[in-house]
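Down below is the structure, laid out as structure tokens.
The values are calculated or read from the model by the stated rules, or taken from the named source; none is laboratory data. Bear in mind that the values here come from a model prediction, so they are computed numbers and not experimental data. Every residue, glycine among them, receives a Cβ derived from its backbone with ideal geometry; neighbour counts consider all protein chains shown. Heavy atoms of the whole protein, side chains included, go into the accessibility calculation; ligands, DNA and RNA do not. Shrake-Rupley method; radii C 1.70, N 1.55, O 1.52, S 1.80 Å.
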Amino acid sequence: MQLNQTEEPPSGLTERLPASGNPAAAANVLVLHEHIFFPRHYLAIENHRLYPFTIEAKSLFDRYAKHIGAPLSDYTFANNIIWLSQKSGFYQIIEDCFCLFSLNGHSLSMLLPPLGLPAHQPAALDACFRIMDAYNPSPYLSAVEYVYRDFSDLIDTADGRWLMERSLPDYIYRTDDLIQLRGNAYKTKRSEINQFRRAYPDHRLDSLGPQHWDGIRDLINTWLHNRLKYLPGETIADFFYTVEQERQAIERALTHYDTLGLHGLCLFIGNRLEGFTFGERITPDVANVLVEKTNFAIPGSAQYLFREFAKHFSDCTFINVGDDLGLENLRRVKMSYRPALFGEKITLRRNTPP
């Protein structure tokens, strides 16, 4: 199982994972498929070539990701491409696995473990660490983020070579719970939705499409303006950084909306767009909400839009809404919907001596 059911997100934890006694054979770590066409430009690290992670890599990513089946928000092409710019995301096929790297400042890390058949993943992991070490000034900077929990079972446990640190988990809900909102646990949500519907009888929902792009941009500006009214001065710089990252992610999603296979809804009150959301399927049975924004000056609009979007994935057992970014207010909101499961993730490093 790759999902663990608990009542609260797992707390931070560092564990030691023993290592394989089988050192990776090293000379040529780049084992490529025939008939794969790579971009002309690449990041050169010693004798290795890492190619820009662009929209053209989608079919290749999907080919390898299907072997994983992890119901986690990080394991879709769309989630990675919208949060990475072309300058920071790079990939290569190593030991017949798709390996996704992130260049952040002066360090190279991996966003995901090697994607491919389990028999190939350990050798690909060793090769990827060699590439990261060749670039990074310190081996501690060589790390793999967002590793699905069961990946640790593929690492031979012999001598404490690996360090495993829990990352923020994904919040995963039963789709039927989000649609029906039954019982006392959801009484407040039902009340907020009913108040919204009474206050705004002229609301409507449209399937998100290119005709809404300008309205979405206007809403983001409105949302930003409203949030700034309530922010303490010392938090504004961090807030602007986070908002700009999100704005760029939304722009990339809109640019490649159809290619990424996204589905979304827009909430209108009268003729004004006051909310939007979009997502996708991670697996046939688990959907993923990538982004949701509403005018928070309109009470109940977020709850209404979230429930209506859940109906779009009524054939899925679960809906994943990602992690809480370590923000207490976001944790409270996501916990208030009573997650059924938490998708656990770890960050993987080697246990290098000081």
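Some notes on this structure:
- Boolean, L208 is surrounded by 16 or more Cβ atoms within 10 Å (Cβ to Cβ) and over 24 Å from the mean Cα position of the chain (by Cα): no
- Test: residue in segment 76-87 that is touching a Leu at 6+ places or on another chain (Cβ under 8 Å), modelled with pLDDT of 95 or more, within 29 Å of I250 (Cα to Cα) and among the basic types (K, R): no
- Segment 134-162, subset in a strand (DSSP E or B) and touching a Lys or Arg at 6+ places or on another chain (Cβ under 7 Å), residue nearest to P113 (Cα to Cα): V147
- Which numbered condition Y257 fails, given (1) aromatic (F, W, Y); (2) modelled with pLDDT under 85; (3) part of a loop (DSSP other than H, G, I, E, B); (4) open to solvent by less than 70 Å² (accessible area, probe 1.4 Å): (2)
- If you check F90, F61 for being at pLDDT 85 or above and under 19 Å from L348 (Cβ atoms), only one passes: F90.
- Index of the failed condition, W162 passing every other in (1) over 30 Å from D74 (Cα atoms); (2) crowded, with 18+ Cβ neighbours inside 10 Å: (1)
- Taking segment 83-102 as the range and being open to solvent by less than 40 Å² (accessible area, probe 1.4 Å), under 24 Å from N288 (Cβ atoms) and of a type in the set (A, V, I, L, M, F, W, C) as the test, the residues that pass are L84, F90, C97, F98, C99, L100, F101.
- Counted as qualifying within segment 281-354 are the strands (runs of 3 or more DSSP E) with 1 or more residues that are open to solvent by 20 Å² or more (accessible area, probe 1.4 Å) and in contact with a Lys or Arg (Cβ under 8 Å, 6 or more places away or on another chain), namely 318-320, 345-350.
- Test: residue in segment 63-82 that is open to solvent by less than 10 Å² (accessible area, probe 1.4 Å), of a type in the set (F, W, Y) and in contact with a Lys or Arg (Cβ under 7 Å, 6 or more places away or on another chain): yes
- Of the residues making up segment 260-280, those that are open to solvent by less than 20 Å² (accessible area, probe 1.4 Å) and assigned to a loop (DSSP other than H, G, I, E, B) are L260, L262.
- Considering residues of segment 103-133 that are in a strand (DSSP E or B) and touching a residue at least 40 places away in the same chain (Cβ under 8 Å) only, the residue surrounded by the fewest Cβ atoms within 10 Å (Cβ to Cβ): L103
- Meets criteria (over 19 Å from R49 (Cα atoms), open to solvent by 10 Å² or more (accessible area, probe 1.4 Å) and in contact with a strand residue (DSSP E or B) (Cβ under 8 Å, 6 or more places away or on another chain)) for N136: no
- Single condition E165 does not satisfy, out of (1) over 17 Å from the mean Cα position of the chain (by Cα); (2) farther than 22 Å from D323 by Cβ; (3) assigned to a strand (DSSP E or B): (2)
- Residue match in segment 183-190 (condition: buried (at least 18 other Cβ atoms within 10 Å of the Cβ) and either within 16 Å of A310 (Cβ to Cβ) or modelled with pLDDT under 95 (or both)): yes
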